[in-house]
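Asker: Okay, handing you the structure first.
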Amino acid sequence: MCGIVAYIGNKNAYPIIVKGLKRLEYRGYDSAGLALLNGDLNIYKIKGKVSQLEAFAADKDLRGSIGIGHTRWATHGEPNDINAHPHLSDNGRLAIIHNGIIENSDSLKKLLTRDGHTFTSETDTEVLVQFIGSVQQKYNLPIEEAVRQALGSVIGAYAIVLIDKEDPTKIVAARKGSPLVVGVGDSEFFLASDATPIVEYTKKMIYLNDEEIVIMDRDNLEIKTIANIPKKPEIQEVELAVDELEKGGYEHFMLKEIYQQGQTIADAMRGRMSHIESWVKMGGMEEYEEKFRKAKRLIIVACGTSWHAGLVAEYLFEDLARVPVEVEYASEFRYRNPILTEEDIVIAISQSGETADTLAALELARSKGALIYGVVNVVGSSISRLTHAGSYIHAGPEIGVASTKAFTGQLSIFTLMALYLANAKGTISRTYFQKLLNELTIIPGKIEEILKQNDQIKYIAAEIKNSNNAIYLGRGFNFPIALEGALKLKEISYIHAEGYPAAEMKHGPIALIDEKMPVIVIATNKNAYEKVVSNVQEIKARKGIVVSIVAKGDEQISRLSDYTIEIPPTEDPLAPLLSVIPLQLLSYHIAVMRQCNVDQPRNLAKSVTVE
Ligand code: M6R
């Protein structure tokens, strides 16, 4: 969603802002803009990509060592040049960029209109800057005081950055519910929605907390709350290398991230297990082991692909650690008055750690006294800072909007968490525990084997790329993978796809099957294999096109299928780690063949920071 980059220092701000906005393109956006202060306040903004903004600005005045830049993902008002940020107060003094939604913008707008203010855009952001401007004018306040006093009357979520034409030595920013990071340089400061635009200049970051305002000139920085309480800036060193933000020779970030998974799964498990010494250690769980052992229920909250990881976790925890699990869409959990007791543990899963629905669900769970645990990728993100404990998945930056390596990282963590708990509770035999550890150790190698079948998968992609619909079927541990395969296909290739438990097909979806319908059957399970054979026969009897994912050596389902992808056999609880890989590649190739924008699919945002 909206991306923010700002700079104050001795350098020219424009190239830093444009490069930073390009780094944030992965978040998803539909227009871009920037404002530069150099005596004048120059604003350039345009519907479209950052490269279009660059072309538009090329012959303009680009001087200025203070600047703010923005990529907008439309909420209030369609994507166009006028609704793009920055927005200006109607006295031409303040410029603002904003990520989030101002919920009381309608009532603020009515008040402002009554006082004679006029608006050029349809955005809540313009309302906000007019409101701050009116407070500034009325009480003759410096920008930081105007921002602070105005925010006391603002309802909603925001990360905002402002500059003032009449006070051209400062940047003022604030956050509530939307992320904002400050980069601390040498006589210069950076601001961004996440660390990616900043790391090439400095590794020193300050993660702003909700309701904090930061005021900075070239040399100094001050943080206070909206309630005017001074805060000591806490500087953290971020471990993020610039080459992690590049495609590294791959055609797309998504392909790079698919190919990284052998490594990222190994990274997720490093230091957390040993098959030689037969142990699993989960630092975050250790402190709360007693609580985990006694938990009556685990409640998992997440969205999208992370929710699918939650479904796999349900199978893992119930099968191995014998604890009941509920998996909830974070957005639904929050608004249905959930029943929570102190014996429940709420686990949030999030790649970005910034998903607004998941954050809100966690805040609710925390307010009701539940222990909250995070399984998160982005270090220092809002969810990771809100939870009592958690496990990072250490997958590195995931830039492609379609989640791939974060998903298998999440699965790796949940496998280890379930094994840790099963061991602590004594619900797993030593032999099976050891067997799963041995098998986990060789999963990265098995992923490399699957990736070698890329050409075969590409061939199948070419065969089904013109379909309008697809069905994905799986059973047991592979059921969530059917959902994930369908999500991957629809989000990047725009083909309508649905995932179902294989046995559910005959309760409805079978009506859709004809000779044009590809049905992707994930059939690597040892459990219920014969049942899946029957399902495949039912599809073939109706002339559906069967693409099966089977364990190497399989004969029955392969013989019935039109196309088969063989993957190395493994234990059922670990099957999702392997079976999802060919589905990711299949979606990727289909999307490329359909000339879709694989890394930045239409309408989607990487980090969904509005509810
Ligand atoms: O950052 P999160 O894991 O919280 O994001 C949740 C979803 O928005 C995300 O998984 C989304 O569904 C992806 N586009 C899936 O590829």
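Asker: Using only alpha carbon pairs under 8 Å that are at least six residues apart, calculate the relative contact order of segment 246-447 and give it in whole percent.
Answerer: Once divided by the residue count of segment 246-447, the mean separation gives 29 percent.
Asker: Can I ask one more? Read phi for every residue in segment 375-382 and hand back ³J(HN,Hα) as whole Hz from Karplus 6.51 cos²θ - 1.76 cosθ + 1.60, θ = phi - 60°, with x for Gly and Pro.
Answerer: Along segment 375-382, the couplings run 10, 10, 9, 7, 5, x, 6, 4 Hz.
Asker: Another question, then. Given 0.36 nm per residue, what is the gain on full extension from Lys294 to Tyr329 after removing their alpha carbon distance, in nm?
Answerer: Contour length minus the Cα-Cα distance gives 10.1 nm.
Asker: Filter the trypsin sites (Lys or Arg not before Pro) in segment 221-321 to those in DSSP coil with at most 16 other Cβ atoms within 10 Å of their Cβ, and list the result.
Answerer: In loop regions of segment 221-321 (DSSP not H, G, I, E or B), the sparsely surrounded trypsin sites (Lys or Arg not before Pro) are Lys247, Arg270, Lys281, Lys296.
Asker: Rank these for me by crowding, Tyr472, Tyr315, going from fewest to most other beta carbons within 10 Å.
Answerer: Tyr315, Tyr472
Asker: Can you show me the helix-derived [θ] at 222 nm for the chain, built from DSSP H runs with n ≥ 4 at -39,500 (n - 2.57) apiece and divided by the number of residues, rounded to the nearest 500.
Answerer: -11000 deg cm²/dmol, from helical runs alone.
Asker: Starting from segment 268-354, pick out the GluC sites (Glu not before Pro) whose DSSP state is loop and whose Cβ has at most 15 other Cβ atoms within 10 Å.
Answerer: Glu277, Glu287, Glu342, Glu343
Asker: Can you pull out the trypsin sites (Lys or Arg not before Pro) in segment 367-427 whose DSSP state is coil and whose Cβ has at most 15 other Cβ atoms within 10 Å?
Answerer: On the way: sites: Lys368, Arg385, Lys405, Lys425; in loops: Lys368.
Hits after loop and neighbour filter: Lys368.
Asker: Going by how many other beta carbons lie within 10 Å of each one, how would you line up Thr305, Thr609, Thr341, Thr431, fewest first?
Answerer: Fewest-to-most ranking of Thr305, Thr609, Thr341, Thr431: Thr431, Thr341, Thr305, Thr609.
Asker: So what's the gap between the Cα centers of segment 284-304 and segment 322-391, to the nearest angstrom?
Answerer: The two parts, judged by their Cα centres, are 10 Å apart.
Asker: Run down the aspartates and glutamates and flag those whose C-alpha is under 18 Å from the C-alpha of Lys281, throwing out any fewer than 8 positions away in its chain.
Answerer: List returned: Asp267, Glu289, Glu290, Glu439.
Asker: For the residue pair Asp81 and Asn466, what label-to-label distance in nm results when each label sits 7 Å from Cα along the Cα-to-beta-carbon direction?
Answerer: The modelled label-to-label distance comes out at 4.1 nm.
Asker: Considering only DSSP beta bridges whose two residues both sit in the chain, what percent are antiparallel, to the nearest 5?
Answerer: Values: 63 of 105 bridges.
Counting only bridges with both partners in the chain, antiparallel ones make up about 60 percent.
Asker: Next question, about the same structure. Once you wrap a convex hull around the alpha carbon atoms of the chain, what is its projected area averaged over all directions, in nm²? Before the final figure, lay out each step's value.
Answerer: On the way: hull surface 110.8 nm².
One quarter of the hull surface, i.e. the mean projection, equals 27.7 nm².
Asker: Another question about this same structure. Normalised by the number of residues in the chain, what is the relative contact order in percent for Cα pairs under 8 Å and 6+ residues apart? Mind showing how you got there, number by number?
Answerer: On the way: 1385 pairs, mean separation 73.3, N = 611.
Taking the mean separation of contacting Cα pairs over the length of the chain, I get 12 percent.
Asker: Moving on. Explain nothing, just compute: Karplus ³J(HN,Hα) = 6.51 cos²θ - 1.76 cosθ + 1.60, θ = phi - 60°, for every residue of segment 564-575 in order, whole Hz, x for Gly and Pro.
Answerer: Going residue by residue, I get 9, 10, 8, 10, x, x, 8, 6, 3, x, 9, 4 Hz, with x marking Gly and Pro.
Asker: Next question, about the same structure. Positive end of the dipole of segment 246-447, charges at C-beta (+1 Lys, Arg; -1 Asp, Glu), about the Cα centre: which of Gln263, Gln434, Gly310 has its Cα farthest in that direction?
Answerer: Gln434
Asker: List, in order, the whole-Hz ³J(HN,Hα) value for each residue of segment 99-105 obtained from phi through the Karplus relation with A = 6.51, B = -1.76, C = 1.60 and θ = phi - 60°; use x for Gly and Pro.
Answerer: 10, x, 9, 8, 6, 9, 5
Asker: Compute the FRET efficiency between Glu571 and Ala503 as 1/(1 + (r/R0)^6), taking r as their Cβ-Cβ distance and R0 = 25 Å, and round to the nearest 0.05.
Answerer: Step by step, r from the Cβ atoms, then E = 0.70.
Asker: Listed here are the pairs Lys11/Lys170; Lys435/Lys488; Lys488/Lys552; Lys49/Lys452; Lys45/Lys231; Lys19/Lys256; which of them are more than 26 Å apart at the Cα?
Answerer: Check vs 26 Å cut-off fails for Lys435/Lys488; Lys49/Lys452; Lys45/Lys231.
Asker: Right, something else. Given contacts defined as C-alpha pairs under 8 Å and at least six residues apart, what's the relative contact order of segment 2-243, whole-number percent?
Answerer: Relative contact order of segment 2-243: 19 percent.
Asker: Note the full-extension length gain between Tyr459 and Met593 as 0.36 nm times their separation in residues minus their Cα-Cα distance, in nm to one decimal.
Answerer: 47.1 nm
Asker: For the residue pair Lys540 and Glu200, what label-to-label distance in nm results when each label sits 7 Å from Cα along the Cα-to-beta-carbon direction?
Answerer: 5.4 nm
Asker: Label points 7 Å out from Cα along the Cβ direction at Asn209 and Ile339: separation in nm?
Answerer: The answer from the label model is 3.5 nm.
Asker: Order these by the 10 Å Cβ neighbour count, fewest first: Asp164, Asp61, Asp243.
Answerer: Fewest to most other Cβ atoms nearby, the residues stand as Asp243, Asp61, Asp164.
Read the figures in this text as sums done on the coordinates, not as results from a lab. Keep in mind it's a predicted model, so treat the numbers as computed, not measured. No Cβ is skipped: glycine too gets one built from the backbone with ideal geometry, and neighbour counts run over all protein chains shown.
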